[in-house]
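Below: one structure, written as structure tokens.
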Amino acid sequence: MKKRIKITLFSLIAVSAILLSACAAAAISPEEKNIYPQDLGGQGVPAAEPGRSLEEFDAASQSGFNVAPAAAERLVVKTANLSIVVSAPEQRMNEIAAMAEGMGGFVVSSSVYQTYLEDGGEAPGAYITIRVPSELFQRALDEIRAGAVDVPTDNQSGQDVTAEYTDLQSRLRNLENAEDMLRQIMEEATDTEDVLNAFNQLNYITEQIEVLKGQIKYYEESAALSAISVELIANEAVQPITVDPWDLSAIAKQAIEALIRALQGIAEALVWLALYVLPVILVIGLPLVLIGWGLRTWLAKRTAKASPARRKS
């Protein structure tokens with residue numbers, strides 16, 4: 001009976017600790033939350049060492065769940081976004097990818113596309129995101145800029161995540177201590193209900209430990225490998241539009257030339273009409289007109305002869 005009371009007490013303490021930790025996590029500013037790949041939800045339990053009694057564990061929980069964080073080096077996540085003008089975007093993209101791999105990094109993503117120019121033509125473009133070791137961050141940026149005709153955009157940022165990283169480590173230690181305590185209680189418990197209760201709590205805490213380890217790994221990898229995103233623009237896509245100077249005398253000259261060509265065309269049409277079209281019409285049309293006139297005359301005479309004969313009858 002005493003064991004069961006202790007197990008129940010422990011469960012209540014663990015749940016209370018987790019809820020308190022959740023409230024503390026909710027107090028983090030939105031800017032700090034945004035650097036997490038996913039919402040952790042608050043986790044936390046009072047620190048305990050294997051072998052301590054539940055009464056001691058309870059006393060530790062009532063003291064405010066304070067665990068002195070271990071000293072940690074500064075953890076800074078560096079990122080850069082560039083747009084560069086190059087003569088051959090796809091070729092330069094492949095060179096940047098090879099550079100990243102040569103530095104011990106890797107390509108996160110890359111793509112090639114076509115842009116439409118104002119004159120109706122097309123120009124190639126490319127986009128690539130790489131990760132390089134943070135100690136080679138500036139060197140990689142220098143090499144990317146070195147192969148560019150122009151660098152319209154060059155943004156760099158660094159985010160210090162030491163506080164968040166240290167907080168995650170402290171919460172992880174708390175959960176690992178609670179995990180050890182639960183395993184010890186499971187070994188000493190004899191009642192099935194007590195074992196089941198401790199087992200459920202252990203499963204939940206183990207799951208939260210894995211989540212925290214994933215977040216810690218994310219921070220470590222983000223700080224160790226800096227991200228660089230590069231947009232590659234074709235040189236012809238950024239060339240300025242050129243307009244020829246306005247010359248009134250040249251325009252007047254062009255207008256006079258057009259008028260002369262128009263008059264020449266009219267004169268040529270009249271010559272063709274007089275020397276080609278009219279003779280053809282006379283040669284073909286005059287016989288047709290004469291034949292038609294002869295037929296009309298013959299029909300008229302025949303009609304006139306037939307009329308008196310009809311009157312006599």
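Picking from residues in segment 166-203 that are among the hydroxyl-bearing types (Ser, Thr, Tyr) and either out of contact with any helix residue (DSSP H, G or I) (no Cβ under 8 Å at 6 or more places or on another chain) or crowded, with 21+ Cβ neighbours inside 10 Å (or both), the one that is modelled with the lowest pLDDT is 192. If you go through segment 81-121 and keep only what is among the acidic types (Asp, Glu) and either within 19 Å of the chain's Cα centre (by Cα) or more than 23 Å from residue 158 (Cα to Cα) (or both), you end up with 90, 95, 118, 119. Checking each residue in segment 128-165 for being part of a strand (DSSP E or B), surrounded by 16 or more Cβ atoms within 10 Å (Cβ to Cβ) and at pLDDT below 90 picks out only 159.
So, of the residues in segment 99-115 that are of a type in the set (Val, Ile, Thr) and touching a residue at least 60 places away in the same chain (Cβ under 8 Å), which turns out to be nearest to residue 142 (Cα to Cα)? Outline the logic, then answer.
Let us first name the residues in segment 99-115 that are of a type in the set (Val, Ile, Thr), namely 107-108, 112, 115.
Subset that is touching a residue at least 60 places away in the same chain (Cβ under 8 Å): 108, 115.
Details: 108: 20, 115: 27 Å.
Among residues in segment 99-115 that are of a type in the set (Val, Ile, Thr) and touching a residue at least 60 places away in the same chain (Cβ under 8 Å), the one nearest to residue 142 (Cα to Cα) is 108.
The residues on offer are 184, 215, 169, 208, and the sole one that is of a type in the set (S, T, N, Q) and either over 30 Å from residue 74 (Cβ atoms) or touching a Gly at 6+ places or on another chain (Cβ under 6 Å) (or both) is 184.
The values are calculated or read from the model by the stated rules, or taken from the named source; none is laboratory data. Here the structure is a predicted model, which is why all the values come from computation and not from measurement. For neighbour counting, all protein chains shown are included, and Cβ atoms are generated from backbone atoms with ideal geometry for every residue, glycine included.
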